[in-house]
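The values are calculated or read from the model by the stated rules, or taken from the named source; none is laboratory data. Not measured: the values here are computed from a predicted model. As a convention, Cβ positions derive from the backbone with ideal geometry for all residues, glycine included, and neighbour counts pool all protein chains shown.
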Amino acid sequence: MSETDSSATSPVWRRASVALLRWFDTGQDVVVDATQADRVDWLRVIPFIGLHLACLAVFVVGVSWFAIAVAIALYALRMFAITGFYHRYFSHKAFRTSRPVQFAFAVLGAASVQRGPLWWAAHHRHHHRHADTEHDIHSPRHGFWRSHMTWFLTPRGFGTNHDAIKDLTRFPELRLLDRFDILVPALLAVGLYWLGDTLQSQAPALGTNGPQLLVWGFFVSTIVLFHITVTINSLAHRWGSRRFATRDDSRNNWLLALLTFGEGWHNNHHHFPGSARQGFTWWEIDLTYYALRFLSWFGLVWDLKSVPPALRKPTAAALRAS
Ligand SMILES: [Zn+2]
Ligand SMILES: [Zn+2]
């Protein structure tokens, strides 16, 4: 990401065409006006707003059990790809896996419309280095909405610091996926429409069709997945208890842990980020860890790192957030 002042004087048509290009190719050089780096770039936000508005189409396409089941299945699969791989693997290297499995889950993660694995990991590593300081781009100390979503809608949030992810950029397939990150969700949307359309004629008893499966399976599932995922940046640094006196505001929150498949044990995670397991006790349910254990039985992942017993001891009495 380079920084100049030239974009401040660019005509709207030019900024719009650059924004359009970046929707499809995030490798386009980002020219950032230093004074605008933390302001929401509304031209780039249009697809994000569109994803939300598209959910309103549920009132047009109706609903079926099949469409709900597909929406839930895609939520679960993509949530696991984000928590297990974008987070615990790409960002923290909490276990090892093969190159094909790494790529397969990178593709599934990209289907979540949360950008590519390189962008995600670079920003997340930055979060851990600067958690809740002035340099943390999505600390709730900058405000709820900034931490929840407007941070990545800014020119600063758009860029990827490749120096932070040198261990990942050596894989050309990951660089390609990251650059054209919109391709996977676009294919998922088209595939869902095709599936619904096919089922309408081949299995009419399911009561679904192309537009219905597109709206529930893609738009609704993706938007719910997105807002639940980012509660870890916004709410899990505000609401919950603190077992460890970490230097940040991270909290353990059982409800967020259930919804995000284990990520809600966020104070645990900031205490020892390298662990594949974020629930440190038997009652701290961590679905992502259970799924990783399951994959390890088949040799798909291995060397799951755990917390050294000495580091599990609470360093501070649990504080209840107000
Ligand atoms: Zn955090
Ligand atoms: Zn982390």
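Observations on the model:
- Which numbered condition Asp178 misses (of (1) buried (at least 18 other Cβ atoms within 10 Å of the Cβ); (2) under 20 Å from Arg238 (Cα atoms)): (2)
- Residue ID - nearest to ligand 2 (Cβ to nearest atom), chosen from residues in the range 253-277 that are out of contact with any Leu (no Cβ under 6 Å at 6 or more places or on another chain) and in contact (Cβ under 8 Å) with a residue 40 or more places away in the chain: Pro273
- Leu255 meets each of the listed conditions (1) more than 30 Å from Leu56 (Cβ to Cβ); (2) under 21 Å from the mean Cα position of the chain (by Cα) apart from (1).
- Among the residues of the range 166-196, those that are among the β-branched types (Val, Ile, Thr) and without any contact (Cβ under 8 Å) to a residue 60 or more places away in the chain comprise Thr169, Val190.
- Of all residues in the range 252-267, those being within 13 Å of ligand 1 (Cβ to nearest atom) and either farther than 24 Å from Arg78 by Cα or not in a loop (DSSP other than H, G, I, E, B) (or both) number 5.
- Residue match in the range 101-111 (condition: within 16 Å of ligand 1 (Cβ to nearest atom) and not small (Gly, Ala, Ser)): no
- Checking His270 against (1) out of contact with any Lys or Arg (no Cβ under 6 Å at 6 or more places or on another chain); (2) under 19 Å from Pro308 (Cα atoms); (3) away from ligand 1 (no atom under 12 Å from the Cβ); (4) part of a helix (DSSP H, G or I), the condition it does not meet: (3)
- One residue from Arg88, Arg115, Arg78 being within 15 Å of the chain's Cα centre (by Cα), within 16 Å of ligand 1 (Cβ to nearest atom) and of a type in the set (D, E, K, R): Arg88
- Test: residue in the range 197-209 that is without any contact (Cβ under 8 Å) to a residue 60 or more places away in the chain and buried (at least 19 other Cβ atoms within 10 Å of the Cβ): no
- Filtering the range 147-167 for residues that are within 16 Å of ligand 1 (Cβ to nearest atom), out of contact with any His (no Cβ under 7 Å at 6 or more places or on another chain) and assigned to a loop (DSSP other than H, G, I, E, B) leaves a non-empty set.
- Unmet requirement for Ser296, which otherwise passes all of (1) away from ligand 1 (no atom under 14 Å from the Cβ); (2) closer than 30 Å to Trp65 by Cα; (3) of a type in the set (Ser, Thr, Tyr): (2)
- Checked against (1) assigned to a helix (DSSP H, G or I); (2) over 12 Å from the mean Cα position of the chain (by Cα); (3) modelled with pLDDT of 95 or more, Ala121 passes all but condition (2).
- Sole residue being within 15 Å of the chain's Cα centre (by Cα) and free of Cβ contacts under 8 Å to residues at least 60 places away in the same chain, chosen from Ile223, Ile232: Ile232
- Restricting the range 274-292 to residues that are surrounded by fewer than 18 Cβ atoms within 10 Å (Cβ to Cβ) and more than 16 Å from Met79 (Cα to Cα), the residue that is nearest to ligand 1 (Cβ to nearest atom): Gly274
- Apart from one condition, Pro100 fits all of (1) more than 16 Å from ligand 2 (Cβ to nearest atom); (2) crowded, with 20+ Cβ neighbours inside 10 Å; (3) not in a loop (DSSP other than H, G, I, E, B); (4) not β-branched (Val, Ile, Thr); the exception is (2).
- Summed over the range 124-146, residues that are assigned to a helix (DSSP H, G or I), within 12 Å of ligand 1 (Cβ to nearest atom) and free of Cβ contacts under 8 Å to residues at least 40 places away in the same chain total 4.
- Selection status of Arg129, surrounded by fewer than 19 Cβ atoms within 10 Å (Cβ to Cβ), within 15 Å of ligand 2 (Cβ to nearest atom) and under 24 Å from His271 (Cβ atoms): yes
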